[in-house]
Amino acid sequence: MNRLFGKGKAKGPPPNLSDCIGSVDSRAESIDKKIARLDLELKKYKDQMKKMREGPAKNMVKQKAMRVLKQKRMYESQRDNLMQQSFNMEQANYTIQNLKDTKTTVDAMKTGLKDMKKAYKDVKIDKIEDIQDQLEDMMEDASDIQEALGRSYGTPDIDEADLEAELDALGDEFLMDDDSSYLDEAASAPSIPEGLPGDRSTNRDGVLVDEFGLPQIPAT
């Protein structure tokens, strides 16, 4: 049968937007190069026309420039058309990619939801509350044990009023200890003699003192 009717050609892969965009962009770049060459040619004709006088020769150069300009306009139109096609395909490709990403995200969310449901099947709220209650009871028992271990044995009962009175008395003793009147007495003591024994001198109050710094007894 294959000899009679021949064998069908194998189907190639379906068209790809990215490949189409690349092909269109390549064609647009080729046209841009042609337009650049025409610009150079137009510049040459324009420079020639500036140096020529009016006449048949200048008109012939002008006709060539007009023909090149028409070609440039045609190429520019083709290039613009290709660029618009490329833009439209890029927009379509972008939309398709967004849809694929959205589908992937939704599938991942569905899988995550299934995993969460499976995980929560093994978690019982009642069991968690029971565990919390048991922990609370154990903490209370531990506190009671620490309190029992910290009890004092054989400590006599003391009246708080007696303790306050003793505390006030301690305050008075502290004030007595802070009394600095002895410093005043030391300041009023006789000064140390500064002269040699036998010298007649006076203290700070102007009283005659002996060699030991003691007030002299007046002779009778």
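Some points to look at:
- Complete set of residues in region 70-81 that are without any contact (Cβ under 8 Å) to a residue 40 or more places away in the chain and open to solvent by less than 60 Å² (accessible area, probe 1.4 Å): Lys72
- Which numbered condition Ile125 fails, given (1) surrounded by 10 or more Cβ atoms within 10 Å (Cβ to Cβ); (2) farther than 30 Å from Leu42 by Cα; (3) among the aliphatic types (A, V, I, L, M): (1)
- Filtering region 9-57 to residues that are open to solvent by less than 70 Å² (accessible area, probe 1.4 Å) and of a type in the set (Gly, Ala, Ser) leaves Gly12, Ser18, Gly22, Ser23, Ser26, Ala28, Ser30, Ala36, Gly55, Ala57.
- Subset of region 67-79 (residues that are within 26 Å of Asp19 (Cβ to Cβ) and in contact with a helix residue (DSSP H, G or I) (Cβ under 9 Å, 6 or more places away or on another chain)): Tyr75, Glu76, Gln78, Arg79
- Residues being aliphatic (A, V, I, L, M) and open to solvent by 80 Å² or more (accessible area, probe 1.4 Å) - total across region 58-69: 2
- The set of residues in region 82-97 that are open to solvent by 60 Å² or more (accessible area, probe 1.4 Å) and either of a type in the set (Phe, Trp, Tyr) or farther than 28 Å from Lys44 by Cβ (or both) comprises Gln84, Gln85, Phe87, Asn88, Glu90, Gln91, Tyr94, Thr95, Ile96, Gln97.
The values are calculated or read from the model by the stated rules, or taken from the named source; none is laboratory data. If you're wondering where the values come from, they're calculated on a predicted model, not measured in any experiment. Backbone-built Cβ (ideal geometry, glycine too); neighbour counts: all protein chains shown. Note: accessible area is taken over every heavy atom of the protein model, side chains too, but ligands, DNA and RNA are not part of it. Shrake-Rupley method; radii C 1.70, N 1.55, O 1.52, S 1.80 Å.
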